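Working notes for the structure below.
The values are calculated or read from the model by the stated rules, or taken from the named source; none is laboratory data. As the structure is a computational prediction, the values presented were derived from the model and not from experiment. With ideal geometry, Cβ positions are generated from the backbone for all residues, glycine too; neighbour counts draw on all protein chains shown.
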Amino acid sequence: MRMSKRIENLPPYLFVEISRKIAEKKARGEQVISFAIGDPDIPTPSHIIDRLCQAAQDPTNHRYPESEGLPELHRAIAEWYKKRFGVSLDADKEVLPLIGAKEGVAHIALCFIDPGDIALVPDPGYPVYAIGTMLAGGNPYSMPLVEETDFLPDLDAIPGHVLQKAKLLWLNYPNNPTGAVADMDFFNRVVRFAQQHNLAVCHDAPYSEVAFDDYQPVSFMQADGAKEVGIEFHSLSKSYNMTGWRIGMAVGNAEMIDALKRVKSNLDSGIPQAIQYAAIEALTGPQDCIPEHNAIYQKRRDLVVDMLNSVGLEAKLPKASLYIWAKVPKGYTSVELANALLEEVGIVVTPGIGYGKNGEGYVRLSLTLPNAALVKGLSRLAGWHRVKK
Ligand SMILES: Cc1ncc(COP(=O)(O)O)c(C=O)c1O
C-alpha cells in the first residue's frame with residue numbers, strides 16, 4: 001500500500017495526542033481535570049432540543065436533506081445577521097449552511113489554493129487554516145500574533161514575494177487561542193489590504209457571542225466593502241452549546257459562497273434536516289441563553305485568571321472567547337509545562353506550540369468545564385510548585 005504524500009505529511013490533529021494522554025491517565029485510575037478542549041459543558045437550551053425531537057419525528061426529515069440547506073435556514077441566518085450586526089445578506093446567494101464551521105474552513109482551500117499557492121494564516125491559530133491549505137497542495141505562511149500588537153497580524157510586515165503568491169487571508173476574532181479581539185478599524189484596514197493585494201479574506205468568527213463585561217464583538221461583514229473581498233465563517237457550536245449537533249454557516253461574498261457550495265455539493269449531502277430545524281429555532285427563538293452562559297463563563301474566567309497569576313502563570317482577562325492564554329514561566333517550554341501540570345497535579349492544559357511556533361511560551365486553558373470540576377482543578381493548581389530550572 002502506498003499512501004499519498006498529502007497523508008504522509010499530515011500531522012495528527014492537536015487534540016488527538018491530548019485525548020490519548022488523558023485516556024492513559026484514566027486507565028491507570030487517576031482523575032484528570034481537563035482545561036484543554038473548547039467544548040461547552042452546559043447543555044443545549046431545551047427549546048432547541050424540543051424542536052429537534054419534534055422534527056426527528058417527521059418522516060420528511062428522514063430522507064436526504066437539501067444539500068444547500070433549507071431555504072428557511074438560509075433566511076434565519078440572514079435575519080440573525082441583520083438583527084445581531086445590522087448586516088444585510090441575500091439569503092440565497094450570500095448564505096451557506098455548513099456541517100459545523102470546521103468543514104467549511106477546510107473545504108474553502110479547495111476553492112482557491114492550487115499547488116504552490118499561499119494562504120496567510122495566523123500563528124498561533126486554529127490548526128485547520130494551515131492544514132486545509134496543505135491538503136489542497138498549498139503553503140501556509142504564518143502571520144505572527146504577538147502581545148506587542150495585541151495579537152493582531154502586522155499586515156505590512158508580509159513580504160511582497162509572499163503576497164504575490166497569496167490568495168487567501170485567514171483571520172479569527174475573538175481569537176482562538178489568544179482570546180484577543182479586533183475592532184472595526186482593523187477590519188476596515190483588512191478590506192483595503194485585500195483589495196490592494198487581490199486577496200480573498202476568510203474571517204472565522206465562532207466566538208462572536210461569547211463575550212464579557214458588556215463587550216460586544218463586531219463582525220468582519222460590518223466593514224466597508226467586506227462583502228466584495230470576503231466571507232465570514234460562523235457556528236452554532238459555541239453560541240448555543242451545539243458542538244455535538246454539527247451546524248454552522250458561511251456568509252458574505254456571493255462568488256466565494258457559490259464556489260464553496262460547488263465543492264460541498266460534490267462531497268457531502270447536507271446537514272441532517274432535523275438539525276437544520278433545531279438551528280432555525282436557535283437563531284430565531286429566545287436569545288436569553290447567550291447572556292446567561294456568558295455570566296457563567298465570566299465567573300469562571302475571573303477565577304482561572306486569578307489563580308494562574310497567583311501561581312506565576314501570568315494571564316490577562318480576555319474580553320471574549322472561551323480561552324485564557326497564560327504565559328509559561330522561565331525554565332519551561334509550553335510542552336514541558338503542560339506535562340508538568342498533568343504529571344504533578346493532574347490537570348490538562350494545551351501547549352501553545354500546538355497552535356504554531358509563535359504559540360511557544362504560552363499555554364491555553366478553556367473555560368468549558370463544569371464549575372465543580374473547575375474549582376477542583378484550580379485548587380490542584382494552587383498546590384502546584386514550580387520547580388526552578
Ligand atoms: C477558531 C475556530 N474555528 C472553527 C471551529 C469549529 O467550529 P465548529 O464546531 O462549528 O466546527 C473552532 C472550534 O473549536 C474554532 O476554535
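Inspect the range 124-136 for any residue being more than 25 Å from Val263 (Cβ to Cβ), in contact with a helix residue (DSSP H, G or I) (Cβ under 6 Å, 6 or more places away or on another chain) and not acidic (Asp, Glu) and give the result as yes or no. Yes, because at least one residue in the range 124-136 is more than 25 Å from Val263 (Cβ to Cβ), in contact with a helix residue (DSSP H, G or I) (Cβ under 6 Å, 6 or more places away or on another chain) and not acidic (Asp, Glu). For the range 198-222, the set of residues classified as more than 10 Å from the ligand (Cβ to nearest atom), in a loop (DSSP other than H, G, I, E, B) and farther than 19 Å from Ala91 by Cα consists of Asn198, Leu199, Ser208, Glu209, Val210, Phe212, Asp213, Asp214, Tyr215, Gln216, Pro217, Val218, listed by residue number. Of the listed requirements (1) touching a helix residue (DSSP H, G or I) at 6+ places or on another chain (Cβ under 8 Å); (2) part of a loop (DSSP other than H, G, I, E, B); (3) modelled with pLDDT under 95, Ile42 misses just one: (3).
Listed here are the residues, each with its yes/no results for (1) among the polar types (S, T, N, Q); (2) closer than 24 Å to Ile108 by Cα.
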position: Val162; (1), (2): no, yes
position: Leu168; (1), (2): no, yes
position: Leu171; (1), (2): no, yes
position: Asn175; (1), (2): yes, yes
position: Asp185; (1), (2): no, no
position: Arg192; (1), (2): no, yes
position: Leu199; (1), (2): no, yes
position: Ser208; (1), (2): yes, yes
position: Gln216; (1), (2): yes, no
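For Ser4, are the conditions met, namely being in contact with a Gly (Cβ under 6 Å, 6 or more places away or on another chain) and either surrounded by fewer than 18 Cβ atoms within 10 Å (Cβ to Cβ) or of a type in the set (A, V, I, L, M) (or both)? Against the criterion (in contact with a Gly (Cβ under 6 Å, 6 or more places away or on another chain) and either surrounded by fewer than 18 Cβ atoms within 10 Å (Cβ to Cβ) or of a type in the set (A, V, I, L, M) (or both)), Ser4 does not qualify. Scanning the range 224-249 for residues that are more than 11 Å from the ligand (Cβ to nearest atom) and small (Gly, Ala, Ser) yields Gly225, Ala226, Gly230. Whenever a residue of the range 169-187 is within 25 Å of Val328 (Cβ to Cβ), its partners that are of a type outside the set (D, E, K, R) and at pLDDT below 95, lying with C-beta atoms within less than 7 angstrom and at least six residues away or across chains, give the pairs Asn176/Gly38. When each of Ala119, Ala157, Ala106, Ala91 is tested for being within 16 Å of the ligand (Cβ to nearest atom), surrounded by fewer than 19 Cβ atoms within 10 Å (Cβ to Cβ) and free of Cβ contacts under 8 Å to residues at least 60 places away in the same chain, the lone residue that passes is Ala106. When each of Gly346, Gly356 is tested for being in contact (Cβ under 8 Å) with a residue 40 or more places away in the chain, touching an Asp or Glu at 6+ places or on another chain (Cβ under 8 Å) and crowded, with 22+ Cβ neighbours inside 10 Å, the lone residue that passes is Gly356. Confirm whether Ile99 is surrounded by 17 or more Cβ atoms within 10 Å (Cβ to Cβ), of a type in the set (A, V, I, L, M), within 19 Å of Gly248 (Cα to Cα) and within 14 Å of the ligand (Cβ to nearest atom). It is true that Ile99 is surrounded by 17 or more Cβ atoms within 10 Å (Cβ to Cβ), of a type in the set (A, V, I, L, M), within 19 Å of Gly248 (Cα to Cα) and within 14 Å of the ligand (Cβ to nearest atom). Is it the case that Tyr81 is surrounded by 16 or more Cβ atoms within 10 Å (Cβ to Cβ) and of a type outside the set (S, T, N, Q)? For Tyr81, the condition - surrounded by 16 or more Cβ atoms within 10 Å (Cβ to Cβ) and of a type outside the set (S, T, N, Q) - is met. Against the numbered list (1) farther than 25 Å from Leu199 by Cα; (2) buried (at least 22 other Cβ atoms within 10 Å of the Cβ); (3) more than 16 Å from the ligand (Cβ to nearest atom), Ala55 comes up short only at (2). Beta carbons closer than 9 Å, at least 6 apart along the sequence or on distinct chains, pair a first residue in the range 212-225 that is touching a residue at least 12 places away in the same chain (Cβ under 8 Å) with a second that is of a type in the set (S, T, N, Q) and not in a loop (DSSP other than H, G, I, E, B) for Phe212/Asn294; Phe212/Gln298; Asp213/Gln298; Ala223/Asn188; Asp224/Asn188; Gly225/Asn188; Gly225/Gln195. Among the candidates Ala250, Ala254, the residue that is surrounded by fewer than 21 Cβ atoms within 10 Å (Cβ to Cβ), of a type in the set (A, V, I, L, M), modelled with pLDDT of 95 or more and closer than 30 Å to Thr60 by Cβ is uniquely Ala254.
Within the range 122-151, the set of residues being within 13 Å of the ligand (Cβ to nearest atom) and farther than 18 Å from Val190 by Cβ comprises Pro124, Pro127, Val128, Ala130, Ile131, Gly132. From the list Leu303, Leu322, the lone residue that is surrounded by fewer than 20 Cβ atoms within 10 Å (Cβ to Cβ), under 27 Å from Lys25 (Cα atoms) and modelled with pLDDT of 95 or more is Leu303.
Does the range 290-297 contain at least one residue that is touching a Lys or Arg at 6+ places or on another chain (Cβ under 7 Å) and assigned to a helix (DSSP H, G or I)? Taking every residue of the range 290-297 in turn, none turns out to be touching a Lys or Arg at 6+ places or on another chain (Cβ under 7 Å) and assigned to a helix (DSSP H, G or I).
Look at (1) within 16 Å of the ligand (Cβ to nearest atom); (2) under 19 Å from the mean Cα position of the chain (by Cα); (3) surrounded by 15 or more Cβ atoms within 10 Å (Cβ to Cβ) and you find that Pro272 fails only one, number (2).
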